[in-house]
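Data block below; observations after.
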Amino acid sequence: MNKRRVVITGLGAVSSIGIGKVEFWKSSIAGMSGVKEIDFFDVSLLSSKICSNIIGFDPLDYIDKQVAKRTDRFVHLGLAATTLAFDDAQLKLDNIDRSRVGAIIGSGAGGIIFHEEQILAGYEKGIHRLNPFAIPRITPNAVSGHIAIKFNIQGPNMVISTACSAGNIAIGEGFRKIQHGEIDICITGGVEAPLTPFTFGAYDAMRVLSKRNSAPKEASRPFDKDRDGFVLGEGGAILILEELSLALKRGARIYAELGGYSLNSGAYNMVIPKPEADDIAKVMIDSIKDASLDTGDIDYINAHGTSTLQNDKAESKAIRDVFKDRAKDINISSTKSMIGHTLGASGGLETIICCLVIENNIIPPTINYHTPDPECDLNYTPNTAVKKQVNNCITNSFGFGSNNSCLILKRLINY
Amino acid sequence: MDKAEIQKKVIDIIAEHRDMDKTIITLESSLRDDLGMDSFEAMEFIFYLEETYNIKIPDSDLVKLKVIKDIVDYLEIRFKENQ
């Protein structure tokens, strides 16, 4: 069976380093950090006191006041990013069979802000005093549901919740549904708004967050020898995927072809990546094969690169094992060095980066890279963006529970 | 609390939560037909009333509350019972 081809035609980013594709990209290639001190809840007793939050985002710029009031921040970010993506794609659904348009979104935590508030209200006022909108506001699929309602999207609708890989996997699943002919268009990506006392405290308790509180903008330093954990962030990233012939017919701007996807499990540990990293190596190889490419064709790797000791070491090993002699030549970057780790949104934001890398032939840097780690001995595109022709790239996402996912983006040729 | 006070408060709650102009809300306004509430939004409005007055409105009473006057009368009776 000839698989249908899938292209990316719209990008919507809401991040700590910029709202909208243009601002997000400019900050990415300028090496800007979105990390700041937390001043909106008390972190005095925690080890980490920094986060990558979005300043200047007003949900009412994108959504109705009544909807905004009844939805959690992750839905605000999702609806805003979807609006931006539709605008960017100049896509109107007026004459399209809406049952062939899907909304598949990644989110790790869902409406955790309201969840916390309601649990506290339940304890303080009694469980007979809970808000009737609590469940529809908290449930992770509130975001795909509200996207469907706002844009009248009647095809497959779901949220994928695989922690830090959720955005990447959501895009992959949307890709497959178009490829296999189930739908023609997919609104996909990832959203996360995890900056709450409980969630932040829980990550702090795991001792996975950076404690570089005295220099927030230098805290996220993937692959650097002095890295000490990730910086928790929030974000919304939505992409519009379309079947190639339809996108060409309507004269859409095509950023890239989504060429390959693979996911697997290391079946190892809920939190720690497998040190042998054979699972990560396999998922990368499988995705490259799925895109009908060879390892020699990959020009850029957008790494998962969280800035934890274990991830960056395991990911570097996997890249060495997959690309062998070429490993040190390929430009790698972790854009989490700027955006922080936005969990379920990260795969979406990083796929948007890859689209813009292919469009502009500029590779954003890994910032705060100063001291090489012998166990991370590759070309991480340190500190400054690099101009380079990029035709094919891979974006990695790995999530708690040993789950791994990769997407391959290709410059569109032969059409 | 007299009836006029209850009426004012009920209309304030609706205006705030529905983002509506107070002056168009009257005693005869129907929650569904005039104020555009679906059944779930009406339930949310009842929840805000319960929060404001620290009462619990049983399901059996909900069906009686169709227009603003029903709510004002109902609350007046409940307050008198509590006294």
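Side notes on the structure shown:
- Within the stretch A:339-362, residues that are basic (Lys, Arg) reach no partner that is assigned to a helix (DSSP H, G or I) with beta carbons closer than 6 Å at six or more positions or on different chains.
- Given (1) touching a Lys or Arg at 6+ places or on another chain (Cβ under 8 Å); (2) open to solvent by 100 Å² or more (accessible area, probe 1.4 Å); (3) within 14 Å of chain A (Cβ to nearest Cβ), number of the condition residue B:19 does not satisfy: (2)
- Count of residues meeting criterion [open to solvent by 20 Å² or more (accessible area, probe 1.4 Å), among the small types (Gly, Ala, Ser) and out of contact with any strand residue (DSSP E or B) (no Cβ under 7 Å at 6 or more places or on another chain)] in the stretch A:235-282: 3
- Qualifying residue in the stretch B:39-48 (condition: modelled with pLDDT under 95, over 16 Å from residue B:16 (Cα atoms) and surrounded by 15 or more Cβ atoms within 10 Å (Cβ to Cβ)): no
- Qualifying residues in the stretch A:298-330 (those that are of a type in the set (A, V, I, L, M, F, W, C) and in a helix (DSSP H, G or I)) - the one most open to solvent (accessible area, probe 1.4 Å): A:309
This table checks each residue for (1) more than 30 Å from residue A:7 (Cβ to Cβ); (2) within 14 Å of chain B (Cβ to nearest Cβ); (3) outside any helix (DSSP H, G or I); (4) open to solvent by 20 Å² or more (accessible area, probe 1.4 Å).
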residue: A:60; (1), (2), (3), (4): yes, yes, no, yes
residue: A:71; (1), (2), (3), (4): yes, yes, yes, no
residue: A:76; (1), (2), (3), (4): no, no, no, yes
residue: A:85; (1), (2), (3), (4): no, no, no, no
residue: A:99; (1), (2), (3), (4): no, no, no, yes
residue: A:117; (1), (2), (3), (4): yes, yes, no, yes
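- Note on the stretch A:355-372: residues that are more than 22 Å from residue A:34 (Cα to Cα) and assigned to a loop (DSSP other than H, G, I, E, B) amount to 1.
- Meets criteria (at pLDDT 95 or above, closer than 25 Å to residue A:115 by Cβ and within 14 Å of chain B (Cβ to nearest Cβ)) for residue A:55: no
- Test: residue in the stretch A:220-241 that is without any contact (Cβ under 8 Å) to a residue 60 or more places away in the chain, among the hydrophobic types (A, V, I, L, M, F, W, C) and over 26 Å from residue A:111 (Cβ atoms): no
- Cβ pairs under 6 Å, 6+ apart, first in the stretch A:121-134 and more than 8 Å from chain B (Cβ to nearest Cβ), second open to solvent by 20 Å² or more (accessible area, probe 1.4 Å): A:122/A:130; A:130/A:118; A:134/A:118
- Only one of the numbered conditions (1) more than 14 Å from residue A:186 (Cβ to Cβ); (2) buried (at least 22 other Cβ atoms within 10 Å of the Cβ) is not met by residue A:106, and that is (1).
- Yes/no for residue A:286 being under 30 Å from residue A:84 (Cα atoms) and open to solvent by 10 Å² or more (accessible area, probe 1.4 Å): no
- Residue, nearest to residue A:185 (Cα to Cα), within the stretch A:11-33, restricted to residues that are assigned to a helix (DSSP H, G or I) and open to solvent by 20 Å² or more (accessible area, probe 1.4 Å): A:21
- Selection count, the stretch A:177-211, where residues are within 18 Å of the chain's Cα centre (by Cα) and open to solvent by 10 Å² or more (accessible area, probe 1.4 Å): 1
- Selection within the stretch A:224-264 - in a strand (DSSP E or B) and farther than 27 Å from residue A:366 by Cβ: A:240, A:241, A:242, A:243
- Selection count, the stretch B:49-76, where residues are in a helix (DSSP H, G or I), surrounded by 11 or more Cβ atoms within 10 Å (Cβ to Cβ) and away from every other protein chain (no Cβ under 14 Å): 10
- Selected residue [farther than 22 Å from residue A:130 by Cα, in a loop (DSSP other than H, G, I, E, B) and open to solvent by less than 20 Å² (accessible area, probe 1.4 Å)] from B:35, B:27: B:35
- Inspection of the stretch A:42-52 finds no residue satisfying the criterion of being of a type in the set (Lys, Arg) and surrounded by fewer than 18 Cβ atoms within 10 Å (Cβ to Cβ).
The values are calculated or read from the model by the stated rules, or taken from the named source; none is laboratory data. As the structure is a prediction and not an experimental result, all values here were calculated from the model. Neighbour counts are summed over all protein chains in view; Cβ atoms, including those assigned to glycine, are modelled from backbone coordinates with ideal geometry. Calculation scope for accessible area: heavy atoms of the full protein, side chains included, ligands and nucleic acids excluded. Shrake-Rupley method; radii C 1.70, N 1.55, O 1.52, S 1.80 Å.
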